[in-house]
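Have a look at the structure below, then the notes.
Bear in mind these aren't lab numbers, they're just calculated from the coordinates by the rules spelled out. Since we're looking at a predicted model, the values are computed, not measured. FYI the Cβ positions are ideal-geometry reconstructions off the backbone, even for glycines, and counts take in every protein chain you see.
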């Protein structure tokens, strides 16, 4: 399942950029970028997404999720089924839902002779203080605090 060094890195960074893929009931695929994600343990990831986003709709329809994690020397794809555990986080100015992914399989997606040199570079732009406050509110709910 998820290696300890990846779990520790994700916990230490707070917001952690990943790519998430979902599928709807008609087998249409959808991929997007999220940063509100937290490793509960080696078999479980919790993440938050706008409640009205296509990602949220797809998870409610099928539960099928793949999450791509990029970390130093690793590109891991986590496959499994997710369910909504919080429909709306209180105190957030727009509807944000929390989902929990039970990981069925983790694959190393690196090809021979390649490596990843770090995480996805990510920074807020605009009202940085407000974004940091939003991140903390959302991540607190994702962590189950």
*To the nearest 500 deg cm²/dmol, what mean residue ellipticity at 222 nm is calculated for the chain from DSSP H runs of n ≥ 4 alone, each contributing -39,500 (n - 2.57), summed and divided by the residues?*
-7000 deg cm²/dmol
*Using the eigenvalues of the Cα gyration tensor, what equivalent ellipsoid semi-axes result for region 84-145 when each is taken as the square root of five times the eigenvalue, whole Å, largest first?*
29, 20, 8
*Would you give the gap between the C-alpha center of region 1-26 and the C-alpha center of region 44-74, rounded to a whole Å?*
8
*Which of 133, 90, 57 comes first, and how do the rest follow, when ranked by fewest Cβ neighbours within 10 Å?*
90, 133, 57
*Return the distance in nm (one decimal) between the two label points of a simple spin-label model at residue 31 and residue 104, each offset 7 Å from Cα along Cα→Cβ.*
2.0
*At a Förster radius of 35 Å, what calculated FRET efficiency corresponds to the Cβ-Cβ distance of residue 120 and residue 90, to the nearest 0.05?*
0.75
*Find the relative contact order for region 4-143 and round it to a whole percent, using C-alpha pairs within less than 8 Å whose residues are 6+ positions apart.*
25
*By count of other Cβ within 10 Å, fewest leading, how are 130, 74 ordered?*
130, 74
